[in-house]
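Just below is one structure, and these are the notes that go with it.
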Amino acid sequence: VQLVESGGGLVQAGGSLRLSCAASGRTFSSYSMGWFRQAPGKEREFVGYIRWSGDSYFADSVKGRFTISRDNAKNTVYLQMNSLKPEDTAVYYCAASTTGWPRYQYEYKYWGQGTQVTVSS
């Protein structure tokens with residue numbers, strides 16, 4: 001499975017941005033898809049995931065502001081980010097997992113290259 005993120009960019013605090021992650025392969029619908037981020041000088045951290053069923057789960061830091069959706073017909077998963085804060089600035093990665101509730105990086109087998117999101121104050 002190959003993953004390609006897009007949609008990153010520069011946005012002002014309080015603004016919104018939607019990231020996309022396009023996946024190759026015919027088994028996309030069976031994967032749980034996650035989003036992670038890595039800020040400068042920090043470790044990569046979990047943002048959220050969406051299961052094959054559509055159930056989603058988020059880190060407390062983004063809960064209520066971010067949502068994840070998927071379009072299995074397009075092999076694409078989306079991360080909608082609202083009410084962005086400067087601390088959301090990071091490289092955002094999507095990843096694919098075969099486990100059911102994948103909150104940890106080791107549970108993800110495939111990773112994208114990342115897309116930069118910068119939130120100005």
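The values are calculated or read from the model by the stated rules, or taken from the named source; none is laboratory data. Computed from a predicted structure; not experimentally measured. Counting neighbours? That spans all protein chains shown, and the Cβs are built from the backbone with ideal geometry, glycine included. Just so you know, the surface numbers come from the protein's heavy atoms only, side chains and all, with ligands and any DNA or RNA stripped out. Shrake-Rupley method; radii C 1.70, N 1.55, O 1.52, S 1.80 Å.
The table for this structure:
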quantity: Region 100-112 - phi-based ³J(HN,Hα) in whole Hz, Karplus 6.51/-1.76/1.60, Gly and Pro as x; calculated: x, 10, x, 9, 10, 4, 5, 7, 9, 9, 10, 9, x
quantity: Centroid-to-centroid separation of region 68-121 and region 2-19 [C-alpha atoms, Å]; calculated: 10 Å
quantity: Loop GluC sites (Glu not before Pro), region 28-112, which have at most 16 other Cβ atoms in a 10 Å radius of their Cβ (DSSP); calculated: 43
quantity: FRET E, pair residue 12, residue 80, Förster distance 22 Å, beta-carbon r, rounded to 0.05; calculated: 0.85
quantity: Electrostatic dipole magnitude of the chain [Cβ: Lys, Arg +1; Asp, Glu -1; Cα centre; debye, to 20]; calculated: 180 debye
quantity: GNM flexibility winner over the chain from 38, 12, 105 (Cα, springs under 10 Å); calculated: 12
quantity: Of 67, 27, 89, the one that fluctuates the most in a GNM where the chain has Cα springs shorter than 10 Å; calculated: 27
quantity: Å² of accessible area per residue within the chain, as computed with a 1.4 Å probe and no ligands counted; calculated: 52 Å²
quantity: Chymotrypsin sites (Phe, Trp or Tyr not before Pro) lying in DSSP loop within region 4-104, provided at most 13 other Cβ fall within 10 Å; calculated: 104
quantity: Structure-derived Cα extents along the principal axes in Å - corresponding label in (i) 49, 26, 23; (ii) 41, 25, 25; (iii) 40, 29, 25; calculated: (ii)
